[in-house]
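Student: Following this message is one structure expressed as structure tokens.
The values are calculated or read from the model by the stated rules, or taken from the named source; none is laboratory data. Keep in mind the model is a prediction, meaning the values are calculated, not measured. Cβ: placed from backbone, ideal geometry, glycine included. Neighbour counts: every protein chain shown.
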Ligand SMILES: [Zn+2]
């Protein structure tokens, strides 16, 4: 159910941005959602259609970018994914966490030119 509040927040941020640029409409909203946030993209999309009605965000494309947990191997520089993957699949060295999968933010709000 927290997708409802998450979606409200996305729309609030997007409409704020549109207002700052005096744009009555929004083309596209890009949101980054980490895989460990527990946020279900389909639910966000569902609430978005409902909550965006009669706002500048109505009709905007909601683009959700899933963000996996990522680690970078210092030894061979390969990047690997997975919440429970600690060591590099290439060389077996422990990787350094570079994306923790708990991200949630509005990356961009695209307005008409
Ligand atoms: Zn490696």
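Student: Return a yes/no flag: does region 42-62 have any residue that is at pLDDT 95 or above, surrounded by fewer than 18 Cβ atoms within 10 Å (Cβ to Cβ) and under 30 Å from residue 93 (Cα atoms).
Tutor: No.
Student: If you check residue 96 against the conditions, is it more than 30 Å from residue 13 (Cα to Cα), touching a residue at least 12 places away in the same chain (Cβ under 8 Å) and either loosely packed, with under 12 Cβ neighbours inside 10 Å or within 11 Å of the chain's Cα centre (by Cα) (or both)?
Tutor: yes
Student: For region 31-42, which residues satisfy the criterion of being touching a residue at least 24 places away in the same chain (Cβ under 8 Å) and assigned to a helix (DSSP H, G or I)?
Tutor: 41
Student: I'd like to verify a number: residues in region 67-93 that are more than 10 Å from the ligand (Cβ to nearest atom), at negative phi and surrounded by 13 or more Cβ atoms within 10 Å (Cβ to Cβ), how many?
Tutor: Qualifying residue count, region 67-93: 6.
Student: What are the residues in region 1-30 that are assigned to a helix (DSSP H, G or I) and either in contact with a strand residue (DSSP E or B) (Cβ under 6 Å, 6 or more places away or on another chain) or surrounded by 16 or more Cβ atoms within 10 Å (Cβ to Cβ) (or both), if any?
Tutor: 3, 6, 7, 10, 11, 13, 14, 15, 17, 18
Student: I want to confirm something. Restricting to region 25-40 and keeping residues that are touching a helix residue (DSSP H, G or I) at 6+ places or on another chain (Cβ under 9 Å) and more than 30 Å from residue 94 (Cβ to Cβ), which single residue is modelled with the lowest pLDDT?
Tutor: Filtering region 25-40 for residues that are touching a helix residue (DSSP H, G or I) at 6+ places or on another chain (Cβ under 9 Å) and more than 30 Å from residue 94 (Cβ to Cβ), the one modelled with the lowest pLDDT comes out as 40.
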